[in-house]
Amino acid sequence: MSREEQHDQHLKPERTGGVLPGGRGSPEDDLPPELKSVEAALASLAPRIDRLDRDRLMFLAGEQSATSGRRGPVRSPHGWAWPGAFSAMTAVAAALLVMLIARPEKHTVEILRVPVSQASNDRPSPDGVSAAPPAESGVPGPATVSPSGSEPRRGPQPRTFVRLPWLEASRRLGGPAQASYPCLLHRVLTHGLESWEPPAAAEDSSPPAGPASYRELRDDLLDDTVSASWPVRPVPTTSMFLGVS
Amino acid sequence: MRAFGPQQLRDLLDEHGAALVLYAQQWCDTPEDVVQDALLRFLRQPVPPRNTVGWLYRAVRNAAIDTSRSASRRARRESALAGRRPSWFAVSHGDHLDAAEAAAALKTLPPEQRETIVARIWGGLTLQQIADLTGSSTSTVRRRYLAGLSALRERLGVVCPEKNNTINT
């Protein structure tokens, strides 16, 4: 069936049975005879056909067709569903990509194992890590048990130096060589970020004012009644972050 | 891509144009504009509706009701122009009924009955289509149709050829 025939099927009303004058009827209209006569009499009247300006309507239809042809086909409201969903998902993916690229770098802790000779034991540790007490010349170093469980080794032992990002940052800012991080924390938490300024004298070797350990920092920040109930245990300064045995 | 060409539009006008105008005239005084707008809106559809006639009658009905509501402020002018309103039906000497009397009788009917009769007799819609159009049940539409025909029979004095039963008005 061609397309024109299909449209003609849509145009024609249903004609399934009894026909009134005018060609319209339906078997479902089982009317009494008196009402059928009224129906037939009314159907004999024809609506006026001159009220609709056919020429003007055809002109407007052609003009509308030309206008829509220039603009493009009129999309149905549901035609924007898939393009809209695609655009939304593309925007979300782009936003996630930007967030992934612009995220701050993670601070990593690098552990360097550097063998230290006997002569460097007298110099203090430059990065503030508590090291083993320096061994005097001629005196064997602390005994350590090798992993294999054999005889303990003696002599200079490799030290573990830990590179701490916050200490490196403090050094770059011109802080003292042995700046205490708990001290810095205490100063920032009590006086704000504005108090975090490099000291005026770079050669000032006086110990910074403030707590020297995290325990002292905790005690300063908390009330005495609260801190008194906390279990007391010796915690080295850097082991909280390093986990170095 | 338009599916309706000029020839299909002419066929649509010939088949249903006058009936659509008569249907719209129940509510507003400018049924020609209402029908014209409905036809143009029909042509703008990206996909032609499956039931063309039902779609057109629904579009005309909604537009005519909206027009009548917006024209409520011009009631005085409408009453003044009542005498100059165009007639509903074409005058023909072979009619069983007088066109003017039939139009006047239709205007006295309740809106639901008048709408059902106009859509059924001149629109060619089935009771089911009228039910879908008005949002009613088929039984309700049939009841309105029978009541409307009975009222018109009383007003117009139509003679039943079988029983020869006439109710004088």
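The values are calculated or read from the model by the stated rules, or taken from the named source; none is laboratory data. What you see is a predicted model; the values in this text were computed from it and never measured. So basically every Cβ, Gly included, is an ideal-geometry build from the backbone, and we count neighbours across all protein chains shown. Calculation scope for accessible area: heavy atoms of the full protein, side chains included, ligands and nucleic acids excluded. Shrake-Rupley method; radii C 1.70, N 1.55, O 1.52, S 1.80 Å.
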Here the whole-number average of other chain Cβ atoms within 10 Å per Cβ of A:48-58 is 6
Estimate for me the total accessible surface buried between chains A and B (protein heavy atoms, probe 1.4 Å, no ligands or nucleic acids), in Å² to the nearest 100.
5100 Å²
Under a 5 Å amide H to amide H cut-off, with H placed in plane at 1.01 Å, what residues pair with B:Trp27 once short-range neighbours are removed?
none
Prolate/oblate/rounded call for the stretch B:96-144, Cα gyration tensor, a/c under 1.5 rounded
prolate
